[in-house]
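Throughout, read-outs are computed from the coordinates displayed, never taken from laboratory work. Note that the structure is a prediction, hence the values are computed from the model and not measured. Counting neighbours? That spans all protein chains shown, and the Cβs are built from the backbone with ideal geometry, glycine included.
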Amino acid sequence: MLAQNQIVVLFLLYATLALHPLHITVTNIDYKKNEGQIDISIKLFKDDFGLVLYQKYKQQIDLENEQKPGESDSVITRYVEENFKLEIDQQKVKLKLKDKKIDPEAVWLSYIIDIKHTVGELKLENSLLTDLYNDQKNLVIVNFDSRQKGFTLSKEESVFSINLN
């Protein structure tokens, strides 16, 4: 009897997970002290990203077949500026889209920030897609000085800071 109950529980758990999609973004921040730059890449699931852009700005952006790439870039930039706020040593940094790649599942956004001094503290507020999904998780991996530090951000906890010294 116990084995049957365990099978039923496992089946229900599996069915729940299979029906409930994962809401996640992944961001890599690479501080390249010797090169004087910070590289940022953000991966968002394409369907979620398109949906949030439509809901927020009432613009249908076809991320797969862009007829007007400049138009989509401006909408993407606006959304990222509102939901991905970076400070370096207490100075706000304006991100400029360097590259955008779209594959069947995801949108990859790349940014490069030139740094003229050694970075002490990096602070990030990442609320990407939290206006769409309450269970949204934004994973951030920071690479610096041959070290790596990871953060899991959410709607409730969307800010972290790290000392890069």
From the cross-link list LYS101/LYS137; LYS101/LYS123; LYS32/LYS100; LYS58/LYS116, the entries with a Cα-Cα span beyond 32 Å are LYS58/LYS116
Across all Cα atoms of region 22-163, Rg and the largest Cα-Cα distance (Dmax), in Å, are 15.0, 43
Taking only the alpha-carbon atoms of region 41-124, the convex hull volume per residue, in cubic angstrom, is 94
In nanometres, what is the gap between the two model label sites at ASP135 and GLU156, each 7 Å from Cα along Cα-to-Cβ?
1.5
Out of the DSSP beta bridges found with both residues in region 22-163, what percent are antiparallel (nearest 5)?
85
Hey, rough spin-label estimate for ILE112 and GLU35, points 7 angstrom out along Cα→Cβ, what's it come to in nanometres?
0.7
Select from region 89-162 those GluC sites (Glu not before Pro) which occupy a DSSP coil region and have at most 16 other Cβ atoms within 10 Å, ordered by residue number.
GLU105, GLU156, GLU157
Exposure-ranked with fewest Cβ neighbours within 10 Å first, THR118, THR77, THR27 stand as THR118, THR77, THR27
Below 10 angstrom from the Cβ of ASN28, what's the summed charge of the other residues (Lys, Arg +1; Asp, Glu -1)?
-1
What FRET efficiency comes out for the pair SER146/LYS58, r = Cβ-Cβ distance, R0 = 35 Å, nearest 0.05?
0.15
Rounded to whole Hz, the Karplus (6.51, -1.76, 1.60) HN-Hα couplings of region 146-159, x for glycine and proline:
6, 10, 9, 9, x, 9, 10, 10, 8, 4, 6, 9, 10, 10
Quote to one decimal, in nm, the extra length available between GLU87 and ASP99 on full extension: 0.36 nm per residue of separation minus the C-alpha distance between them.
2.2 nm
Net charge near LEU124: determine it from the other residues with C-beta under 10 Å of the C-beta of LEU124, scoring Lys and Arg +1 and Asp and Glu -1.
0
Karplus ³J(HN,Hα) for region 107-117 (6.51 cos²θ - 1.76 cosθ + 1.60, θ = phi - 60°; Hz, whole; x = Gly/Pro) runs 10, 10, 10, 10, 9, 10, 10, 7, 10, 9, 9
Could you compute how fast region 22-61 diffuses translationally, taking Rh as the Kirkwood radius over C-alpha pairs and applying Stokes-Einstein at 20 °C with viscosity 1.002 mPa s? Give it in µm² per second.
176
